[in-house]
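The values are calculated or read from the model by the stated rules, or taken from the named source; none is laboratory data. The structure displayed is predicted, hence computed values, not measured ones. Glycine also receives a Cβ, built like all others from the backbone with ideal geometry; neighbour counts cover every protein chain displayed. All accessible areas refer to the heavy atoms of the entire protein, side chains included, with ligands and DNA or RNA removed. Shrake-Rupley method; radii C 1.70, N 1.55, O 1.52, S 1.80 Å.
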Amino acid sequence: MTEAPLGTTSNTTPPEITGRVVDLILNTTFGSQRSVARYEGLCVGEATQPVTGAVVCYAPTVDILRRAAVTGRNLVISREHPFYLHGGVNHAYLSEGLLNDDPVLALGPGGTDRDLIPMKGFEGDTVIAAKRALITELGTTVYRQGAAWDQYRPAAQSAALARAFGLQVPENQEQSRRRGVVCDLAEPTPLNSLAAAAPTATGSVSPRIVGDGQIIATRVAVIAGETDPVASLAELLADPSVDAVIAGGGGILDEVDGGIAYFLDAMAGRRIAMLTVGYGPSHEPGVKEMADAISAAIPDLDVEYWPSGDPGWIPARTRKGNRS
C-alpha cells in the first residue's frame, strides 16, 4: 500500500476483482455484518465492474473522486458516506436485497442498493444530484467502511491517533471494546507542544485547547472523533492520573453541552486540559491504518491512502484574552 503521488496511474489490478469481490473479502476479513452496519458497504456505482485501483480516504469528497479518476482508480473506500448518511441498525430488507441481488432494490446493472435509503429533506438537493451525476460520469464505485471497522476494532481509531503523536498504546487496550485509549508519555510534555505536533500527526491546521495549554501532560486519554457520548469520556477520566486529553472534538466545541460540559466540570476539581484536533483529522491516522489492513487483505488490489485534509482554519485573533 502506497501513499498517493498525484498524477500516477496504475491499472495492474486483475480484472476479476470487482466491487462485489472487495465487499465479500472485507466482510469476511473484518466482519462488516451488513445487518448491523447501516449505510455501509457498496453505496453507489457499478459493483460488477473490474476495479482498476482503490483509494482509501476519510471522506469521499468531489475533489478526491476527481483525483481518483485522473489516476486511474475507480474504487473509493471511505470512512464516511458519499451522501452524508449515518446510522446504526440497518433495515433487514436492505441487507437481504444486497445479498440476494433483489432486482427491486438494485440501482442498476451493478446492483448496489445502499443508496436507496430515503433521504428525507434532501429531495431535489442540487449538491447531491451533482455529486451523483459526477460519480456516474467518472464510472466510480464508492464503498463505505466505517461502522464495520469500528465493530471489528473499537479502539483502532483512537489507538492510531495516539500512535500518530508518538505514544505507545498498551497491547491490552488495542483489543479493548471501549473507544478510547490511555497512554503514558515517554517524558512530561506541555500540552502546547503536543498541539504544535498536531499538523504533522493528523493534518490538522486548526487545533484548539480547552483549559491551560501550559499544563505538563504525563498520562493522556486519547479518543478519536468527538468526546460524546459523555460515558465514553467519563470512563477514560475515571483514571485520576490522566492529566490531558487528545480528541477530535467535544461534540460542538463552542457549545457547552455533552462531553465538553462534562470536561469543564471535571476541570473544576482537577488539573487537566484537552487538545482537540478536529473531528476529521483525528480519524486520519486510523483511516491510514485501515488502508494498510485492506491492502494486506487484498494484496492484488492497488490501494492508496489519501488524506482528506482539514477543511477548517482559525483566523489570527487579536482580541483581548487570546491564549498563546
Output the residues belonging to segment 281-290 that are crowded, with 22+ Cβ neighbours inside 10 Å and either farther than 15 Å from residue 159 by Cα or of a type in the set (Asp, Glu) (or both).
284
Looking only at segment 124-170, and only at residues there that are in a loop (DSSP other than H, G, I, E, B) and without any contact (Cβ under 8 Å) to a residue 12 or more places away in the chain, the one that is farthest from the chain's Cα centre (by Cα)
124
Test of understanding: among 135, 77, which residue is out of contact with any Gly (no Cβ under 8 Å at 6 or more places or on another chain) and either at pLDDT 95 or above or surrounded by 20 or more Cβ atoms within 10 Å (Cβ to Cβ) (or both)?
77
Just checking, how many residues over segment 171-226 are surrounded by fewer than 18 Cβ atoms within 10 Å (Cβ to Cβ), in contact (Cβ under 8 Å) with a residue 12 or more places away in the chain, farther than 15 Å from residue 244 by Cβ and charged (D, E, K, R)?
3
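Yes/no per residue for (1) outside any loop (DSSP other than H, G, I, E, B); (2) in contact with a helix residue (DSSP H, G or I) (Cβ under 6 Å, 6 or more places away or on another chain):
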residue: 56; (1), (2): yes, yes
residue: 59; (1), (2): no, no
residue: 63; (1), (2): yes, no
residue: 66; (1), (2): yes, no
residue: 73; (1), (2): no, no
residue: 77; (1), (2): yes, no
residue: 80; (1), (2): no, no
residue: 84; (1), (2): no, no
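Condition check ((1) more than 19 Å from the chain's Cα centre (by Cα); (2) modelled with pLDDT under 95; (3) over 12 Å from residue 165 (Cβ atoms)) across all residues:
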| residue | (1), (2), (3) |
| --- | --- |
| 198 | no, no, no |
| 207 | no, yes, no |
| 215 | yes, no, yes |
| 219 | yes, no, yes |
| 228 | no, yes, yes |
| 241 | yes, no, yes |
| 244 | yes, no, no |
What's the number of the only condition in (1) modelled with pLDDT of 55 or more; (2) open to solvent by 20 Å² or more (accessible area, probe 1.4 Å); (3) of a type in the set (A, V, I, L, M) that residue 107 fails to meet?
(1)
Say whether the condition of being assigned to a loop (DSSP other than H, G, I, E, B) and out of contact with any His (no Cβ under 7 Å at 6 or more places or on another chain) is met by at least one residue in segment 179-195.
yes
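Taking the options 303, 230, 277, name whichever one is within 22 Å of residue 147 (Cα to Cα) and either open to solvent by 30 Å² or more (accessible area, probe 1.4 Å) or among the charged types (D, E, K, R) (or both).
Answer to the selection: 230.
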For segment 24-45, does any single residue satisfy the condition of being at pLDDT 75 or above, assigned to a loop (DSSP other than H, G, I, E, B), buried (at least 22 other Cβ atoms within 10 Å of the Cβ) and of a type outside the set (Asp, Glu)?
yes
